[in-house]
Amino acid sequence: MKNIYERDVSVSHAILLEMDSGMLTSKQLKGNYGEIVTHSEMVNPDEIQLEVTFKRDEKLFLPTTVVYNRETKHIISWE
């Protein structure tokens, strides 16, 4: 259960950082709980899609995809 919580917190933190930056990027972040790779792209002029992949101890988890409004920073979908 602890590992699931750490993964969820890490992914959520990466999403918040990317939404705050507002830039279209691809980057890799390493932290205490694992490694995160993010990739963002424009869906349309108002929306950005962000894909976040989490890896820990050589185990790669399914990616999380978030679409959010780039002006308001409101999340439209989270899968």
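Go through segment 3-18 residue by residue and turn each phi into a ³J(HN,Hα) via Karplus (6.51, -1.76, 1.60, θ = phi - 60°); whole Hz please, and just put x for glycine and proline.
Coupling constants for segment 3-18: 5, 5, 4, 4, 5, 4, 5, 5, 5, 4, 5, 4, 5, 4, 4, 5 Hz.
Could you please state how large a percent of the accessible area of the chain is carbon and sulfur, counting protein chains only and using a 1.4 Å probe? It would help to have the intermediate numbers written out before the result.
Working: 2900 of 5480 Å².
Roughly 53 percent of what the probe reaches on the chain is carbon or sulfur.
Within the set of other residues whose C-beta is less than 13 Å from the C-beta of residue 47, count the net charge using Lys and Arg as +1 and Asp and Glu as -1.
Here the charged neighbours net out to -1.
Can you compute the helix-only [θ] at 222 nm over the chain? Use -39500 (n - 2.57) per DSSP H run of at least 4 residues, normalise by all residues, nearest 500 deg cm²/dmol.
-8500 deg cm²/dmol
So, taking all protein chains as they sit and a 1.4 Å probe, how much accessible area belongs to residue 26, in Å² rounded to tens?
80
What ³J(HN,Hα) values, in whole Hz, does the Karplus curve 6.51 cos²θ - 1.76 cosθ + 1.60 give for segment 56-68 when θ = phi - 60°, with x put for Gly and Pro?
8, 6, 6, 9, 9, 9, 4, x, 9, 10, 10, 10, 9
How much accessible area per residue does the chain have, counting only protein heavy atoms and a probe of 1.4 Å, in square angstrom?
The answer is 69 Å² per residue.
May I ask you to derive the relative contact order of segment 1-59, considering only C-alpha pairs under 8 Å and at least 6 residues apart, and to give it as an integer percent? Present the calculation step by step, with values, prior to reporting the outcome.
On the way: 71 pairs, mean separation 17.4, N = 59.
Rounded, it is 29 percent for segment 1-59.
Taking a probe of 1.4 angstrom, what is the accessible area of residue 64 in Å², to the nearest 10?
Per-residue accessible area (residue 64): approximately 30 Å².
Work out from phi, with θ = phi - 60° and the Karplus expression 6.51 cos²θ - 1.76 cosθ + 1.60, the ³J(HN,Hα) of each residue of segment 44-52, listed in order in whole Hz, and give x for Gly and Pro.
7, x, 9, 10, 10, 9, 10, 10, 10
The values are calculated or read from the model by the stated rules, or taken from the named source; none is laboratory data. As the structure is a computational prediction, the values presented were derived from the model and not from experiment. Reconstructed Cβ throughout: ideal geometry from the backbone, glycine too, with neighbour counts over all protein chains shown. Side chains included, ligands, DNA and RNA excluded: accessible areas come from the protein's heavy atoms. Shrake-Rupley method; radii C 1.70, N 1.55, O 1.52, S 1.80 Å.
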